[in-house]
1. Kindly indicate the residue of the range A:201-216 that is within 15 Å of residue A:283 (Cβ to Cβ) and hydroxyl-bearing (Ser, Thr, Tyr) and also farthest from the other protein chains (Cβ to nearest Cβ) among those meeting that condition.
2. Looking for something touching a Leu at 6+ places or on another chain (Cβ under 9 Å) and touching a residue at least 60 places away in the same chain (Cβ under 8 Å) - is there at least one such residue anywhere in the range B:49-63?
3. Any residue that is without any contact (Cβ under 8 Å) to a residue 40 or more places away in the chain, surrounded by 15 or more Cβ atoms within 10 Å (Cβ to Cβ) and acidic (Asp, Glu) - is there at least one of those in the range B:77-88?
4. Scan the range A:299-321 for residues that are away from chain B (no Cβ under 14 Å), surrounded by fewer than 20 Cβ atoms within 10 Å (Cβ to Cβ) and either under 14 Å from residue A:218 (Cα atoms) or modelled with pLDDT of 90 or more (or both) and jot them down.
5. Can you tell me which residue is nearest to residue B:72 (Cα to Cα) among those in the range A:274-325 that are in contact with a His (Cβ under 7 Å, 6 or more places away or on another chain) and part of a strand (DSSP E or B)?
6. Under the condition of being among the aliphatic types (A, V, I, L, M) and under 21 Å from residue B:59 (Cβ atoms), which residue from the range B:16-31 is farthest from the other protein chains (Cβ to nearest Cβ)?
7. Of the residues that sit in the range B:118-129 and are within 14 Å of chain A (Cβ to nearest Cβ) and in contact (Cβ under 8 Å) with a residue 40 or more places away in the chain, which one is surrounded by the most Cβ atoms within 10 Å (Cβ to Cβ)?
8. Does residue A:287 satisfy the criteria of being small (Gly, Ala, Ser), free of Cβ contacts under 8 Å to residues at least 40 places away in the same chain, over 29 Å from residue A:67 (Cα atoms) and more than 14 Å from chain B (Cβ to nearest Cβ)?
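The values are calculated or read from the model by the stated rules, or taken from the named source; none is laboratory data. This is a predicted model, so every value here is computed, not measured. FYI the Cβ positions are ideal-geometry reconstructions off the backbone, even for glycines, and counts take in every protein chain you see.
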Amino acid sequence: MEAQESATMTPRTNVTSGRRCLGLEKTNFRYTPGQLTALRIPTSRRKPSKRNDIDPEQMAYIANIEWKLSYVTPLYQFRHTQLVLYSKQLSAFIVAEKQKGIAVEVGPEMGFKVVFSVVHGMTETDEDAETVFIKIYSKPAFSVEGSAVKVVWSGWFTCVNGNLDYMRSLPSDFVSLPLFCANGPMSITALVKSWFTRMFDCYFGPLSLNSSILQWLAALWTECHPACNIRYLKLAWNLSTLPPLDISYTVHPQDAWNLWSSIRQNDSMEDSISIEKVRCFMKRVESHFFRHFRMYLSAGMLTRVCTSLGSAHCDGTIKITGTHYITPVLMLLTECALLKMPI
Amino acid sequence: MSSIKPFSKLPQLNTANVLLVENEGKLQNDLADAIVRQESNINVTVRLARGLPLPAENEENRPRIDLVVFIVHLFSEHSLVSTENSLKQLDTGYFLGKVCFLVTGARCGLVPDERLVSLRKLAASLHCPLLFAEHQTREGVSTAAQRVLKILRVSAGLVPMVTGLYLSSVSRCTVPLDSDGSVQD
């Protein structure tokens, strides 16, 4: 019994100590008096690895759709066991709001069916809450039983490898699902957000992806190139010159991989990627551009990163096409959401 | 290329000269106009530069520079890099109270946090004040001009009993302490 216990304990402590010895740089910008721990900006991350245990059918909900990102403060008394009740309440709320005259869509009378579901297997640590998926179907008023229903809006809450100190510091009734992704009409998104705000006393805010997040994504996707061909690495910058310039820079995947592996050659055996390598990669890409066009790309803003594994835009939209490498992307976005939170 | 020295020329009566160094050249002109238009009983001259070192041609005509203000836009990485390069060209005598940093774009969500952190560390290591400015509105620019003018009066020696070195030791940028008490390095 004891031997078994110790066997199960050790991997976990190894993992946590491994995480602690990843380079961390502290920031106190979000250090308000009420916060129990100061959140940290990580300076290195684990290499992306393939995950095979996620149900591909459920992954199909997430892949190939452009999601608009927001961060959510912890939800009060959200129970994963009461999803059916929440479905009924949310559909009643949408219908009520529509009748009040807050127009959802000008069109034929339609009813809404809301389905909440849980997607298992996306979490990384034991502290992460399970991902919750919400789909809103439209039912035409005079539909025949069994006719096809159309998905009008979908969204999901997730937490992948959230900051352990932060999650443990939350009071017991709160569930932390900091990342919220939505796809569909803005009016329905606003209704869903206001229902959540009323029911669970939380706050939604926009999550914009700054250039260092986009640089991480470019590096992570390039790292995945040998395992699955990324086909292109497209980067877009916006330079505030007169007239303003939009620059789209496409790198051949093999060249990108050669550059990345030459930067990583010293520590290719290590499991983590540090931010210095990422910065070096981007600097070399920018200096190559400078050599040809005599323009400093670093004087502008990186707005978009695209590969065949996915694309991300700085105003907070993301599209993931390669579902096997979804976890590092979600880990990055969860951290980003946690860092943006006001508490 | 000449390097400016803080005490190599004689001061003029009731005059203060400030040098605004900015790589992009966007905020310089508006800030210079706002500084000159401020009500004050001293003559203020504002000189503009895109980077240091300054060209040698104007060496004789250039008055003594009392304050060097580095304008950094956090939106672009290039702004920070060129400021660091310019800093290396500045005579060390200026770092005793005659240098100041003016930062724009600190509240924008699209700016990575690392840039501001590294700029704060730089300003703290040089013992210089770090001012934040809002450059897109007229009120923001005039507020920034007032603050620069206050520091300029002190570093030009026009405020009795206060020197630039004293002011910089009181108002210098500090890097916040860590949550467990150790100083961030």
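1. A:211
2. No; the residues of the range B:49-63 include none that is touching a Leu at 6+ places or on another chain (Cβ under 9 Å) and touching a residue at least 60 places away in the same chain (Cβ under 8 Å).
3. Within the range B:77-88, one or more residues are without any contact (Cβ under 8 Å) to a residue 40 or more places away in the chain, surrounded by 15 or more Cβ atoms within 10 Å (Cβ to Cβ) and acidic (Asp, Glu).
4. A:308, A:311, A:319 - these are the residues of the range A:299-321 that are away from chain B (no Cβ under 14 Å), surrounded by fewer than 20 Cβ atoms within 10 Å (Cβ to Cβ) and either under 14 Å from residue A:218 (Cα atoms) or modelled with pLDDT of 90 or more (or both).
5. Residues of the range A:274-325 in contact with a His (Cβ under 7 Å, 6 or more places away or on another chain): A:296, A:298-299, A:303-304.
With part of a strand (DSSP E or B) added as a condition, the list becomes A:303-304.
On the way: A:303: 21, A:304: 24 Å.
It comes out as A:303.
6. Taking the range B:16-31 first, the residues among the aliphatic types (A, V, I, L, M) are B:16, B:18-21, B:27, B:31.
Still in the list and also under 21 Å from residue B:59 (Cβ atoms): B:16, B:18-21.
Details: B:16: 31, B:18: 25, B:19: 22, B:20: 18, B:21: 16 Å.
Restricting to residues being among the aliphatic types (A, V, I, L, M) and under 21 Å from residue B:59 (Cβ atoms), the top hit is B:16.
7. Keep residues of the range B:118-129 that are within 14 Å of chain A (Cβ to nearest Cβ), which gives B:118-121, B:124.
Now restrict to residues that are in contact (Cβ under 8 Å) with a residue 40 or more places away in the chain: B:119-121, B:124.
Working: B:119: 22, B:120: 19, B:121: 14, B:124: 16.
Out of the qualifying residues, it is B:119.
8. Details: small (Gly, Ala, Ser): yes; free of Cβ contacts under 8 Å to residues at least 40 places away in the same chain: yes; over 29 Å from residue A:67 (Cα atoms): yes; more than 14 Å from chain B (Cβ to nearest Cβ): no.
When the stated conditions are applied, residue A:287 does not pass them.
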